[in-house]
Amino acid sequence: MMLDELVSLARDLAALEADPSAELQNPDQGDFLQSLLDTARHGCGLESLTSAVAARGEVDRNVNLALIYSTLSEALSSLGS
């Protein structure tokens, strides 16, 4: 469930990066997501979406959750640099 929410937020981040007037699935998070985009490097939206979707797929394949979260955390933390 947490990964589904993360995928939804990452989708919005990617949408905002592509089109600042995009309709969001989480409109209440629009200001927060825009502030992330203001400080992150170009392409972070699509990369975060790709990472979140991959993590959700790993859960479906019964990969160890600690490994999934560790890998996802590392992938997302590198998006700002």
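The numbers here are math on the coordinates, done by the rules we state, and not lab data. Since the model is a prediction, treat every value here as computed from it, not as a measurement. All Cβ positions, glycine included, derive from the backbone under ideal geometry; neighbour counts span all protein chains shown.
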So which trypsin sites (Lys or Arg not before Pro) in the chain end up in coil per DSSP with only 16 or fewer other C-beta atoms within 10 Å?
-> R41, R61
Residue-count net charge about L76 - beta-carbon cut-off 15 Å; Lys, Arg +1, Asp, Glu -1 = -3
Find, among the GluC sites (Glu not before Pro) in the chain, those assigned to loop by DSSP (not H, G, I, E, B) with at most 10 other beta-carbon atoms within 10 angstrom.
-> E23
Using the alpha-carbon atoms, what tilt in degrees (0 to 90, nearest 10) does helix 44-60 show relative to the longest principal axis of the chain?
-> 30
Using a cut-off of 14 Å between beta-carbons, work out the net charge of the residues near S48 (Lys and Arg +1, Asp and Glu -1, S48 not included).
-> -2
Integer Hz, Karplus 6.51/-1.76/1.60 couplings in order for segment 13-24, x for Gly and Pro | 4, 5, 5, 5, 5, 6, 8, x, 9, 4, 6, 9
Cα-Cα P(r), the chain, percent of pairs per 10 Å interval = 19, 51, 26, 4
Can you find, among A66, L24, L13, the residue farthest towards the positive end of the dipole of the chain? Put +1 on the C-beta of Lys and Arg, -1 on that of Asp and Glu.
-> A66
